[in-house]
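What follows is a short report on a single structure.
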């Protein structure tokens, strides 16, 4: 049946059955390579490229090179049912390869796999392959090439001759037909090229991070996913984390091993608070209550040898304002500064024993001293 192809509609892609090859200069080994062929339905403009394999990395790269060769994006790409394009074939709704589908989304096109065992669905590209055997394979097989890049340069030269040659019985070529009727119907190319993404599965650790094994770098995810298994899709520049097909985190890829990339919004509120602990934070907090509280916090920070120990004491003291009130806490800190004792327990006992209520006129030596770990009782001296 004759098929009329809509302008700018479909790009048919496939691999040639016969391979080309190049020779390794150092070893003399002849290395066979796959030949990728693509053709636009309406104008029949053709693209050919030699690639190392039919794996999805090479397949997607060849499809992308095709789009840049034709300078636009068709409505759909029609591949054969190869594994790089289709994970599971179906007469009605085939399962596409996730990475290839992501590539199509990036370029704003659709994937329409040809039906399995239906050569008529891809007759145009199979016809193009047969022509390539004559117009490209034949002249190339007479020359020895020493790299894949060198082979592809020769393919491009032969390809331009093919696309510029007049169609049989017509007064125009594939290239001329493409420029006149199809180029303007293609969607524009995106600004950035597609970045091929690899997959990695990992379990979210108790600290709310996942480890990207290839880099040994840790990336945060929302804390509610702790303990769950997630999928990481990563390219040269970004890392995406998915759970049940929903993207839950996006990070810039960092390749430094044994370090963390953390988004504060992913952390539980308590964890986020701890990571924000700094001397300035506690001094500002204390000053918002009273200057005497700020001075006492400063003494705590100066006294403690380990920052985390000092921060815990500061949190404990400042939190007493909720229970006792700002005024009582300020008075307690003022009295404790007079004692020269700087710790959480001193403030706690002053407030519990209501020692902050004594008149200021009473001399400090008449005040009952608070209990303290370093004060020896009378029994010590018996």
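The values are calculated or read from the model by the stated rules, or taken from the named source; none is laboratory data. Quick caveat, the model's predicted, so the values are computed rather than measured. Glycine gets a Cβ as well: all are built from the backbone with ideal geometry, and neighbour counts include every protein chain shown.
Would you point out the residue of the range 333-344, among those that are at pLDDT below 90 and closer than 19 Å to residue 311 by Cα, that is surrounded by the most Cβ atoms within 10 Å (Cβ to Cβ)?
Only one residue tops the list, namely 336.
Are any of the residues in the range 269-285 over 18 Å from the mean Cα position of the chain (by Cα), at pLDDT 85 or above, surrounded by 14 or more Cβ atoms within 10 Å (Cβ to Cβ) and not assigned by TED's automatic domain parsing to the domain that holds residue 58? Steps first, answer last, please.
Looking only at the range 269-285, we keep the residues that are over 18 Å from the mean Cα position of the chain (by Cα), and these are 269-285.
Then drop every residue that is not at pLDDT 85 or above, which leaves 283-285.
Pick out the ones that are also surrounded by 14 or more Cβ atoms within 10 Å (Cβ to Cβ) and you get 283, 285.
From the residues that got through so far, the ones that are not assigned by TED's automatic domain parsing to the domain that holds residue 58 too are 283, 285.
Checked the range 269-285: at least one residue is over 18 Å from the mean Cα position of the chain (by Cα), at pLDDT 85 or above, surrounded by 14 or more Cβ atoms within 10 Å (Cβ to Cβ) and not assigned by TED's automatic domain parsing to the domain that holds residue 58.
Take the residues in the range 202-221 that are at pLDDT 90 or above and not in a strand (DSSP E or B); name whichever of them is nearest to residue 45 (Cα to Cα).
Going through the qualifying residues, I end up with 221.
Among (1) over 28 Å from residue 180 (Cα atoms); (2) not assigned by TED's automatic domain parsing to the domain that holds residue 80, where does residue 17 come up short?
(2)
Test residue 255 against the criterion of being under 25 Å from residue 102 (Cα atoms) and either assigned by TED's automatic domain parsing to the domain that holds residue 103 or surrounded by fewer than 18 Cβ atoms within 10 Å (Cβ to Cβ) (or both), and give yes or no.
For residue 255, the condition - under 25 Å from residue 102 (Cα atoms) and either assigned by TED's automatic domain parsing to the domain that holds residue 103 or surrounded by fewer than 18 Cβ atoms within 10 Å (Cβ to Cβ) (or both) - is met.
Pairs, please: C-beta under 6 Å, at least 6 apart or cross-chain, first residue closer than 11 Å to residue 317 by Cα and in the range 336-354, second assigned to a loop (DSSP other than H, G, I, E, B)?
What qualifies is 346/370.
Of the conditions (1) outside the structural domain of residue 76 (by TED's automatic domain parsing); (2) on the phi > 0 side of the Ramachandran plot, residue 169 clears all except one; give me its number.
(1)
If residue 294 passes every condition in (1) surrounded by 12 or more Cβ atoms within 10 Å (Cβ to Cβ); (2) at pLDDT below 85; (3) in contact with a helix residue (DSSP H, G or I) (Cβ under 6 Å, 6 or more places away or on another chain) but one, which one does it miss?
That leaves (2) as the condition not met.
Can you list the strands (runs of 3 or more DSSP E) found entirely within the range 1-62 that contain at least 2 residues being within 36 Å of the chain's Cα centre (by Cα) and buried (at least 22 other Cβ atoms within 10 Å of the Cβ)?
The strands (runs of 3 or more DSSP E) meeting that bar are 10-15, 30-40, 46-51.
Taking residue 199, is it in a strand (DSSP E or B), surrounded by fewer than 16 Cβ atoms within 10 Å (Cβ to Cβ) and modelled with pLDDT under 90?
Spelling it out, residue 199 is indeed in a strand (DSSP E or B), surrounded by fewer than 16 Cβ atoms within 10 Å (Cβ to Cβ) and modelled with pLDDT under 90.
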